[in-house]
1. Quick check on V130: is it open to solvent by less than 20 Å² (accessible area, probe 1.4 Å), free of Cβ contacts under 8 Å to residues at least 60 places away in the same chain and aliphatic (A, V, I, L, M)?
2. Note down all Cβ pairs under 9 Å where the first residue falls in region 67-82 and is under 23 Å from R98 (Cβ atoms), the second is charged (D, E, K, R), and they're at least six residues apart or on different chains.
3. Just checking, does region 88-102 include any residue being open to solvent by less than 30 Å² (accessible area, probe 1.4 Å), without any contact (Cβ under 8 Å) to a residue 40 or more places away in the chain and over 22 Å from T202 (Cα atoms)?
4. Just give me the residues in region 61-78 being among the aliphatic types (A, V, I, L, M) and buried (at least 16 other Cβ atoms within 10 Å of the Cβ), in sequence order.
5. Open to solvent by 70 Å² or more (accessible area, probe 1.4 Å), outside any loop (DSSP other than H, G, I, E, B) and at pLDDT 95 or above, is that true of Q242?
6. In region 16-60, how many residues are open to solvent by 30 Å² or more (accessible area, probe 1.4 Å), outside any helix (DSSP H, G or I) and under 20 Å from A141 (Cα atoms)?
7. Among the residues of region 142-160, is there at least one that is buried (at least 20 other Cβ atoms within 10 Å of the Cβ), more than 17 Å from the chain's Cα centre (by Cα) and among the aliphatic types (A, V, I, L, M)?
8. Any residue at all in region 171-180 that's within 13 Å of the chain's Cα centre (by Cα) and either among the hydrophobic types (A, V, I, L, M, F, W, C) or in a loop (DSSP other than H, G, I, E, B) (or both)?
Amino acid sequence: ADFDAKKKRKMAEIYQALNSDPTDVAKLRRMAISEGGLLTDEIRCKVWPKLLSVNTDDLPPPPARKELREDNKDYQQVLLDVRRSLRRFPPGMPDDQREGLQEELIDIILHVLKRNPQLHYYQGYHDIVVTFLLVVGDRLATALVEKLSTHHLRDFMDPTMDNTKHILNYLMPIIDQVNPEVHDFMQSAEVGTIFALSWLITWFGHVLSDFRHVVRLYDFFLACHPLMPIYFAAVIVLHREQEVLDCECDMASVHHLLSQIPQDLPYESLISKAGDLFVQFPPSELAKEAAQAAQAERTAASTFKDFELASVQQRPDTVLRQRFRERLRGEERLRGEERTKSILTKPRTNRFVKLAVMGLTVALGAAALAVVKSALEWAPKFELQIFP
C-alpha cells in the first residue's frame, strides 16, 4: 500500500510539472532519474518530448512509404535488422500486429536518415528506435528519434567508429576511479571495452530481455548527459566486482563473463550510483585519459551544449548535482566527524589521493564539485586500441 501511495504521489508531481507554465523540465528530469522513473508509458508519451525539447504540436506528416524505400542505400540492411528484431516485441503479440510495427520501424529509420544525410545507419540503431515506437507510437517516435539521432546518438552515426571508440574509452577511467583493483585486473587481462559496445550503441535495448527495464533506463538516459550510458556500463562492471576478480585473468574469460549481462540487476541502485559517479568524476575530469583531442572536439559531449535548454535549472547535469548534494547531506549527518579524522590521518598512495579528496569533501559536505576543472586541455595519455 505504501508503494501505491508513493506511486500516486509521484504521478501527481509529474502532472503538476507538466501542467505548470512553462513546463518544469528540471522537475521532470528529477522524476525521470529518481526511483521508478516515469512509471507508465502514458506519462512517457508526455514527458519524453519535454526532455528532448520536441514540440508535439508540430509533428512531421507520416512519411510516404514507397518513396522512402525506392533507391535507398540503407533499405536492405535496415530490412534485415528489423526482420531479426523479433525478440524486441512483446511475447504473445499477434503476428500481424508485430509485422505492422516492423514496417513502421523501417519507415521511421529511413525517414530520419533521409532528412539527415549526415547521419549513417549502424547495426543496433533499430534497437533504440523500436523502444520509442513501442512506447509512443510511430508519429511521435519519428520526431523523438530524429532529435536523439542528431544529439545523444550523433557519435554512433558518424561514417567511422572513431567517436564511438572515444566514448568507450571513458569506461576504464571511470572503473579506475572507483575500484583500481578491478581496473588493473581488466588491464592485465587485456579485455578492452568491446564487450560494452552493444550496450552503449543500443542503450542496453539489445541486451536486456525485460522491456520494463529498458524503458526505465531510457527515462534515465533521456534526462541526462549523452555520456551517461557509459557510466551505467561502468556501474554494471563494478557491481560484478567479485565475479570479475574470480575469473581467469585472460581476455577470453573476462570478455565472455562481461558480455553476458545478468538480467536480475538491481536497476534502481545502479541508476543512482551512475548518477553519483557522473557528478564525482565528470567527463571533463576523465577526458585526458579518455583520449584524442581531435575526436573529442566532435563528440556528442561537446555538441551537448547546444542542446541544453536556456534555463540553467533545466540542465541535466545541474539536476544530477543537486540530487547528489542532497544525498551527501543525508550521508554526512550519518557519518559525522570520525570519517574526516580517519582520512586526514591516513597517508594514501597517489592513486587514492583523488578518492581521499573525494571522501573529504563528502565528509565536509562540500559536494565534490571543487574538482570540476573548467578549462581542461585534452592531453591524451593513452589511447586504448579497441578496434584493429
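1. Considered against the rule, which asks whether it is open to solvent by less than 20 Å² (accessible area, probe 1.4 Å), free of Cβ contacts under 8 Å to residues at least 60 places away in the same chain and aliphatic (A, V, I, L, M), V130 comes out as no.
2. L68/D107; L68/K114; R69/D107; N72/K114; Y75/R69; L79/R69; D81/D127; V82/E103
3. Looking through region 88-102, none of the residues is open to solvent by less than 30 Å² (accessible area, probe 1.4 Å), without any contact (Cβ under 8 Å) to a residue 40 or more places away in the chain and over 22 Å from T202 (Cα atoms).
4. Once the filter is applied, which keeps residues that are among the aliphatic types (A, V, I, L, M) and buried (at least 16 other Cβ atoms within 10 Å of the Cβ), region 61-78 yields L68, V78.
5. yes
6. Summing the residues that are open to solvent by 30 Å² or more (accessible area, probe 1.4 Å), outside any helix (DSSP H, G or I) and under 20 Å from A141 (Cα atoms) in region 16-60 gives 5.
7. Yes.
8. Looking through region 171-180, at least one residue is within 13 Å of the chain's Cα centre (by Cα) and either among the hydrophobic types (A, V, I, L, M, F, W, C) or in a loop (DSSP other than H, G, I, E, B) (or both).
The values are calculated or read from the model by the stated rules, or taken from the named source; none is laboratory data. This structure is a prediction, so every number in the text was calculated from the model and none was measured. Positions of Cβ are generated from backbone atoms using ideal geometry, with glycine treated the same way; all protein chains shown enter the neighbour counts. These area figures cover heavy atoms from the full protein model, side chains too; ligands, DNA and RNA do not enter into them. Shrake-Rupley method; radii C 1.70, N 1.55, O 1.52, S 1.80 Å.
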